[in-house]
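The values are calculated or read from the model by the stated rules, or taken from the named source; none is laboratory data. Remember, it's a predicted structure, so these values are computed and weren't measured experimentally. Note: ideal-geometry Cβ built from the backbone for every residue, glycine included; neighbour counts use all protein chains shown.
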Amino acid sequence: MHLGLVKNGIFVAIIAHGLIGNSLVWDKVLLRRPQTMNLVSFVFWLGFISIFGLLLIPFGFRWPDFETAALAFAAGLLHLAANYFYYAALKAGEASQTLAMVGGFSPVATALMAIALLKHPLGEGSMAGFILLVFGGFVMFFSEKLNLRLVLPTVLLASVSFGLVNVTQKLAFERTNFVSGYVFFTFGTFIGSLLLLVRGSWRRQIFESSEKAEPSSRFWYFVNRFISGVGSFLTFYAISLTAPAIVDAITGLRYVIIFVVAYGITRLRPAWLRENFTGFALLGKTAATLLVVAGLVLLGLKNGQGGLGSKAVDYHSSKATPAATRIAAAQRRDLTSSFSTYLARRVSSR
């Protein structure tokens, strides 16, 4: 892969949301099974395995100042809460529609918070592309009837929480390098999962659900968590490279993948997952998919003309940007170099 693509925030975000989209469909399947349908247990293990983020320490970790560490740690704690609301919405409604609601509201929440807290809330990306991506999420939302009273509260809580997570983590990345910010972020998510054990009823749910789960269910759950974890890692790496509102808007790609995969499962394995893909619902979801694709094309064209993704380093190294941010951009290059050197040594040792 060309090194420039590794440092391209839009490209990294597309790969990240593609992985997460596939993961979310299988999460919906797992949440339908009695052995893995307990939401508290589901979210606990999601947060618990975040401890593996500490494996990045050898690749450029440096102790940040207390405020930066606290900011990243708090973002990690909030990330677990956001995921709880996210999966509560996923469990309550159809995967392709409920999560698309989050895909519509979350970028808006991120953009509004970014306007208040960040110097470049949308970077230099295509505003038209951003609008199409967000609009696609809302079209998916309106494609069929939904019990709003059941899912809207969790959707709004998830959207606002993710918006705050994205912006606060971006602030942390601007004050330190990616690895340092991400390590404290994942450690915060891990500690948040341990806090779920404090409440007795939740603790019993977590361990009872884990004991009842069949080995195959546990295996596929953790395989899916690994895929989702890689997607999450790439999402925050993309946020470190570019504007968080743009990264969040590309969430629409998840719902294109969810739409396609859920359609295939509904047709081929309806016992696993069954969604409505008839009449107006199919037309609406298809239109939403086309809007998302159009938004991605506009972002790609803007990026190819020297927009957001290709100017990530310039964006961080402008004269108006703090010194810590310019150092962070250089340290991301060090991270890429560290990975390359590590792999070269592994190959030569064989």
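When W202 is tested against (1) closer than 23 Å to L296 by Cβ; (2) surrounded by fewer than 21 Cβ atoms within 10 Å (Cβ to Cβ); (3) aromatic (F, W, Y), exactly one condition is not met: (1).
Could we say that L197 is in contact (Cβ under 8 Å) with a residue 24 or more places away in the chain and part of a loop (DSSP other than H, G, I, E, B) here? The answer is yes for L197. Of the residues making up segment 222-263, those that are surrounded by 20 or more Cβ atoms within 10 Å (Cβ to Cβ) and hydroxyl-bearing (S, T, Y) are S228, S232, T235, Y237, S240, T242, T251, Y255.
Just checking, which of A89, A74 is touching a residue at least 60 places away in the same chain (Cβ under 8 Å), surrounded by 21 or more Cβ atoms within 10 Å (Cβ to Cβ) and not basic (K, R)?
None of the others qualify; the one that does is A89.
So, T176, is that one β-branched (V, I, T) and either farther than 22 Å from L253 by Cα or modelled with pLDDT of 90 or more (or both) or not? When the stated conditions are applied, T176 passes them.
This table checks each residue for (1) under 19 Å from M101 (Cα atoms); (2) assigned to a helix (DSSP H, G or I); (3) over 10 Å from the mean Cα position of the chain (by Cα).
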{"site": "Y221", "(1), (2), (3)": "no, yes, yes"}
{"site": "F226", "(1), (2), (3)": "no, yes, yes"}
{"site": "V230", "(1), (2), (3)": "no, yes, no"}
{"site": "L234", "(1), (2), (3)": "no, yes, no"}
{"site": "Y237", "(1), (2), (3)": "no, yes, yes"}
{"site": "D248", "(1), (2), (3)": "yes, yes, no"}
{"site": "I258", "(1), (2), (3)": "yes, yes, yes"}
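Within segment 49-71, being buried (at least 18 other Cβ atoms within 10 Å of the Cβ), assigned to a helix (DSSP H, G or I), over 18 Å from the mean Cα position of the chain (by Cα) and of a type outside the set (A, V, I, L, M, F, W, C) holds for one residue alone: T68. Please verify whether segment 209-219 includes one or more residues that are surrounded by 20 or more Cβ atoms within 10 Å (Cβ to Cβ) and in a helix (DSSP H, G or I). Within segment 209-219, one or more residues are surrounded by 20 or more Cβ atoms within 10 Å (Cβ to Cβ) and in a helix (DSSP H, G or I). Within the set of pairs 6+ apart or on separate chains, which have a first residue in segment 116-140 that is over 23 Å from V256 (Cβ atoms) and hydrophobic (A, V, I, L, M, F, W, C), a second that is modelled with pLDDT of 75 or more and not in a loop (DSSP other than H, G, I, E, B), and C-beta atoms under 7 Å apart? Taking only residues 6 or more apart or on different chains, the pairs are L117/V167; L117/L171; L118/V167; L118/K170.
Restricting attention to segment 26-48, and to residues there that are under 16 Å from V230 (Cα atoms) and at pLDDT below 80, which single residue is surrounded by the fewest Cβ atoms within 10 Å (Cβ to Cβ)?
By that ranking, first place goes to W26.
Could you say whether any residue in segment 156-167 is farther than 30 Å from F61 by Cβ, among the β-branched types (V, I, T), modelled with pLDDT under 85 and not in a loop (DSSP other than H, G, I, E, B)? No: segment 156-167 contains no residue that is farther than 30 Å from F61 by Cβ, among the β-branched types (V, I, T), modelled with pLDDT under 85 and not in a loop (DSSP other than H, G, I, E, B). Among residues of segment 215-244 that are more than 25 Å from V167 (Cβ to Cβ) and touching a residue at least 60 places away in the same chain (Cβ under 8 Å), those with a Cβ under 8 angstrom from a residue that is charged (D, E, K, R) and part of a helix (DSSP H, G or I), sequence gap 6+ or separate chain, pair up as N224/D27. Considering only segment 224-248, state which residues are modelled with pLDDT under 85 and among the β-branched types (V, I, T). Within segment 224-248, T242, I246, V247 qualify.
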